[in-house]
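Q: Please read through the structure below; I'll follow up with questions.
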Amino acid sequence: MAKTGLFGLKAVLGLSGILLGLAAGSAMATTVTTTSVALPNGTTTVNIVDPSQPVDGSGSNLITGTIQLQTNIGVLNTYCVDLFDYISTGAQTYNFTPSALTAGTTFRDATNSNANATGTFTQAQVNTITALLTNGTLQTQNTVNTAALQVAIWAAEYDTAAANGSYNLTSADSFYFTATTDTNSAAVLAQAQTYLNDATGYLNGSTWVNATWLNNSTH
């Protein structure tokens, strides 16, 4: 059994301790036990710059890609929604009580020295992340595509959308990304920008049109 949801990945091989929306929109009341954590599609690294707070030592070389959990309810392919907490890969045991990703759900938005500070998902963020997951999981599951999906989710969560709802991953504003020397890093950022554009709209000449484009193998 495979499901898609949201989990946490941080630099080196650390994974976040918060699990949200395992079934991408349906609540699960039971506690899930994770016995192994893997990175099945390979990973790449990106730099995150957040002028308001340090992200993993100023944001250098954050690992991005699908996180695969072996659990008591099957294999779960997941993505990060928390840049400030860790778990470890390999044979580990963790218990999680997942819930649906909805507007009003809180997430960590602070350094570990300020553990009580949180952000709150807006409905617009939930809609964007849901569209990203729907679209991203239809694509070939390789290193670039899955790492790009993770980057796009981080952007929707931590970056500030423009008035038209669009995102610019590399614009030097309150939260942005730069490529590392990793072979795939620049390609990942470009693909993540495409995912975000598909989830939020498109340019008609010089006019931005709000829309959601979902791609699969035949369309």
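Q: Just read off the accessible area of Ile48 with the full protein assembly in place, 1.4 Å probe, to the nearest 10 Å².
A: 0 Å²
Q: In addition: Put a dot 7 Å past each Cα toward the Cβ at Val75 and Ala190; how far apart are the dots in nm?
A: It is 3.0 nm.
Q: By how many nm would the segment from Thr134 to Thr181 lengthen if fully extended, with 0.36 nm per residue of separation less the alpha-carbon distance?
A: Working: separation 47, 0.36 × 47 = 16.92 nm, distance 2.97 nm.
Taking Thr134 through Thr181 to full extension adds about 14.0 nm, to one decimal.
Q: If each of Thr120 and Asn95 carries a label point 7 Å out from its Cα toward its Cβ, how far apart are those two points in nm?
A: That separation, rounded to one decimal, is 3.0 nm.
Q: I've got another one for you. Would you pull out the residues with amide H under 5 Å of Thr105's amide H, same chain only if 5 or more places away, H placed 1.01 Å from N?
A: Placed amide hydrogens put Phe121 under 5 Å from Thr105.
The values are calculated or read from the model by the stated rules, or taken from the named source; none is laboratory data. Here the structure is a predicted model, which means the values were calculated and not measured. All Cβ positions, glycine included, derive from the backbone under ideal geometry; neighbour counts span all protein chains shown. Ligands, DNA and RNA are stripped out before the accessible areas are found, and what is left, the full protein with its side chains, is counted by its heavy atoms. Shrake-Rupley method; radii C 1.70, N 1.55, O 1.52, S 1.80 Å.
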